[in-house]
1. For V21, indicate whether it is aliphatic (A, V, I, L, M) and in contact with a strand residue (DSSP E or B) (Cβ under 7 Å, 6 or more places away or on another chain).
2. Take A25 and tell me if it is surrounded by 16 or more Cβ atoms within 10 Å (Cβ to Cβ) and either part of a helix (DSSP H, G or I) or in contact (Cβ under 8 Å) with a residue 12 or more places away in the chain (or both).
3. Which of (1) touching a strand residue (DSSP E or B) at 6+ places or on another chain (Cβ under 7 Å); (2) surrounded by 12 or more Cβ atoms within 10 Å (Cβ to Cβ); (3) not in a helix (DSSP H, G or I) is the odd one out, the single condition L12 does not satisfy?
4. Which of (1) in contact (Cβ under 8 Å) with a residue 12 or more places away in the chain; (2) closer than 21 Å to G92 by Cα; (3) part of a helix (DSSP H, G or I); (4) more than 13 Å from the chain's Cα centre (by Cα) does L72 not meet, given it meets every other one?
5. Tell me which residues, restricted to the range 39-58, are touching a His at 6+ places or on another chain (Cβ under 9 Å) and part of a loop (DSSP other than H, G, I, E, B).
Amino acid sequence: MPDIDIHHTHSLGRQACRTAVDEVARELSARFDLGPMTWRDDTLSFIGHGVEGQLTVGDNDVHVLVRLGPLLGLARPLIEAEIRRHLRKRLG
């Protein structure tokens, strides 16, 4: 399965970053039909048709890891660009 692995720095503080990550996740879910999402500690996990992943909030960065199935793997560049765009928009 092709992977997307992104580290994005922020200066928001952990709680503000969690709020921003939640917004990013909702936007991406609407765009890519990601399915239900759950928080466990500082990690937001999701699973959908042909995709699963997590966004982990740190003190100074967010780590995004997405595993794509074969069909969505073909759209990897588009999906990765959208994730990066939403992170820049919400986290700076």
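1. Against the criterion (aliphatic (A, V, I, L, M) and in contact with a strand residue (DSSP E or B) (Cβ under 7 Å, 6 or more places away or on another chain)), V21 qualifies.
2. yes
3. Of the numbered conditions (1) touching a strand residue (DSSP E or B) at 6+ places or on another chain (Cβ under 7 Å); (2) surrounded by 12 or more Cβ atoms within 10 Å (Cβ to Cβ); (3) not in a helix (DSSP H, G or I), the odd one out for L12 is (1).
4. Here L72 meets the rest and fails (2).
5. Scanning the range 39-58 gives a single hit, G58.
Every read-out reported here was derived from the displayed coordinates using simple, explicitly stated rules and does not represent laboratory data. Keep in mind that what you see is a predicted model, and the values were worked out from it rather than measured. Neighbour counts run over all protein chains shown; Cβ positions are idealised from the backbone, glycine included.
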